[in-house]
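Heads up, the thing below is written out as structure tokens.
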Amino acid sequence: MLNVKKQDVMFTGIQPTGLLTLGNYCGTMCNWKIIQKKYQCFFCIADLHALTTRSYDHSIKYNFSANILDMVALYLACGVSPYDSIIFVQSHVYTHSQLYWILSNFVYFGELSRMTQFKKKISTYKKNINLSLFCYPVLMAADILLYQTNYVSVGSDQKQHVELVKKIARRFNSIYGDVFIIPDILITSRECKIMALQEPTKKMSKSDNNKNNTIFLLDNLDVIRLKLLQSLTDSDPLSRIKYNIYDKPGISNLLSILSFLTQQNISALEYEFKNYRYFDFKKQLSDIVCDTISKIQKLYFKFREDENYLIDILKFGAKKSLIYSKKNLFSVLQVLDL
Ligand code: TYM
């Protein structure tokens, strides 16, 4: 395994909090096949991050291990090769938690309080505002910095966290020398934030209570079509297909989805669909979305059948990740005289 030698490292992760969405796909996964050719890639399943929003009500079943295998199969279906890249589960590699604790000493309360995602989450999870929810970006910093990562592939919603990671790394380096590489967000095309279909001013999310807001990669294709056809637009009498997130957040979101899936820029799409009515535009879009997702689903079902293969990939991934990350953790311990 791992037959390619590449210089630069790319790290990315997704939480196994539920089935993956079109937001996850457009935000990061659609680029994975291409970027793994260029970089040594680490694809992490961030199960420790997912604990932050878990309710400890025993009547709720989380099926974490099944979710994790679903995710590995989806990673493979999106083109990740376990021969070229490393796929692993965060909690299988102890170095993450250890560096997390160390880095907590290099980030300030004020900085974490300013994180937009934290502010949103405390209003969503009012009954479970735990410390990890607050420290979430520090664990992200540990994930990224442990591998001497050059590039991080994330959607725009994670940009603020990656900026904080850079700040923590710079702060540490300013005291102890060049211990960490300062990572950058991987800019593949333009920023991506896919919005909820019925409430296009908020992010499409795995954990949305309104399932019509979210397209899941494993949704039935007819359901996907219906969700798109019924997505909220606006009451423009001319039904203009125009990108304007303030006046037309719904149509802008649909244009964004189309643009990410077809790799065409928004103005070209506005021109192409200038004579379309919303309904016809949505029909075309749903054909393209369903075409992309059905290809992923076919591969997903094939990979998902062989659980032993998926488990072997994760065991191998954990072993490799430990080797890489231990080396970097030891450098940190050394400079701290620990
Ligand atoms: P998570 O699971 O919330 O999101 C995983 C990835 O999907 C992107 N994403 C979106 N992009 C565009 N539009 C959306 N609606 C949308 N929803 C999700 C996110 O930007 C992200 O790239 N904290 C990370 C997981 C993580 C991580 C890391 C990522 C843990 N450690 C280290 C990078 C590096 C997260 O947001 O997961």
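Within the range 196-212, if we keep just the residues that are open to solvent by less than 30 Å² (accessible area, probe 1.4 Å) and within 21 Å of residue 266 (Cβ to Cβ), the residue that is nearest to the chain's Cα centre (by Cα) turns out to be 204. Would it be correct to say that residue 235 is assigned to a loop (DSSP other than H, G, I, E, B) and either more than 12 Å from the ligand (Cβ to nearest atom) or closer than 30 Å to residue 332 by Cα (or both)? For residue 235, the condition - assigned to a loop (DSSP other than H, G, I, E, B) and either more than 12 Å from the ligand (Cβ to nearest atom) or closer than 30 Å to residue 332 by Cα (or both) - is met.
Pairs meeting the criteria (first residue in the range 139-163 and touching a residue at least 40 places away in the same chain (Cβ under 8 Å) and near the ligand (Cβ under 6 Å from one of its atoms), second residue of a type in the set (S, T, N, Q) and part of a loop (DSSP other than H, G, I, E, B), beta carbons under 8 Å, at least 6 apart or on different chains) are 154/28; 155/28. Restricting the first member to the range 299-317 and to residues that are over 11 Å from residue 87 (Cβ atoms) and part of a helix (DSSP H, G or I), and the second to residues that are of a type in the set (Lys, Arg) and open to solvent by less than 70 Å² (accessible area, probe 1.4 Å), no beta-carbon pair is closer than 6 Å while six or more apart or on different chains. Only residues that are open to solvent by 90 Å² or more (accessible area, probe 1.4 Å) and of a type outside the set (Phe, Trp, Tyr) were counted across the range 246-264, and they come to 2. Restricting attention to the range 90-112, the residues that are in contact (Cβ under 8 Å) with a residue 12 or more places away in the chain and open to solvent by less than 90 Å² (accessible area, probe 1.4 Å) total 16. Residue check: residue 83 meets all listed conditions (1) in a loop (DSSP other than H, G, I, E, B); (2) over 22 Å from residue 315 (Cβ atoms) but one, namely (2).
If we keep just the residues of the range 64-89 that are touching a Gly at 6+ places or on another chain (Cβ under 8 Å) and at pLDDT 95 or above, which is surrounded by the fewest Cβ atoms within 10 Å (Cβ to Cβ)?
82
Would you point out the residue of the range 268-288, among those that are under 26 Å from the mean Cα position of the chain (by Cα) and within 15 Å of residue 252 (Cβ to Cβ), that is surrounded by the most Cβ atoms within 10 Å (Cβ to Cβ)? By that ranking, first place goes to 285.
Among the residues of the range 192-232, the ones that are assigned to a loop (DSSP other than H, G, I, E, B) and charged (D, E, K, R) come to 6 in all. Residues that are closer than 30 Å to residue 95 by Cβ and basic (Lys, Arg) were ranked within the range 289-321; the one that is surrounded by the most Cβ atoms within 10 Å (Cβ to Cβ) is 304. Out of everything in the range 117-153 that is touching a helix residue (DSSP H, G or I) at 6+ places or on another chain (Cβ under 8 Å) and assigned to a loop (DSSP other than H, G, I, E, B), what residue ends up being most open to solvent (accessible area, probe 1.4 Å)? Across the range 117-153, the extreme among qualifying residues is 129. With the requirement that a residue be open to solvent by 20 Å² or more (accessible area, probe 1.4 Å) and small (Gly, Ala, Ser), what does the range 213-238 give you? 235 - this is the single residue of the range 213-238 that is open to solvent by 20 Å² or more (accessible area, probe 1.4 Å) and small (Gly, Ala, Ser).
Quick check on the range 12-25. Is at least one of its residues away from the ligand (no atom under 12 Å from the Cβ), in contact (Cβ under 8 Å) with a residue 40 or more places away in the chain and assigned to a helix (DSSP H, G or I)?
The answer is no; no qualifying residue exists.
Apart from one condition, residue 176 fits all of (1) in contact (Cβ under 8 Å) with a residue 12 or more places away in the chain; (2) open to solvent by less than 40 Å² (accessible area, probe 1.4 Å); (3) more than 18 Å from the chain's Cα centre (by Cα); the exception is (2).
With the structure loaded, tell me whether residue 325 is closer than 30 Å to residue 230 by Cα, touching a residue at least 12 places away in the same chain (Cβ under 8 Å), open to solvent by less than 30 Å² (accessible area, probe 1.4 Å) and assigned to a helix (DSSP H, G or I) or whether it fails that test. Judged against the criteria, residue 325 is not a match. Yes or no: residue 75 free of Cβ contacts under 8 Å to residues at least 24 places away in the same chain and either within 13 Å of the chain's Cα centre (by Cα) or farther than 28 Å from residue 293 by Cα (or both)? For residue 75, the condition - free of Cβ contacts under 8 Å to residues at least 24 places away in the same chain and either within 13 Å of the chain's Cα centre (by Cα) or farther than 28 Å from residue 293 by Cα (or both) - is not met.
The values are calculated or read from the model by the stated rules, or taken from the named source; none is laboratory data. As the structure is a computational prediction, the values presented were derived from the model and not from experiment. Neighbour counts are summed over all protein chains in view; Cβ atoms, including those assigned to glycine, are modelled from backbone coordinates with ideal geometry. Please note that ligands, DNA and RNA were not included when accessible areas were found on the heavy atoms of the full protein model with its side chains. Shrake-Rupley method; radii C 1.70, N 1.55, O 1.52, S 1.80 Å.
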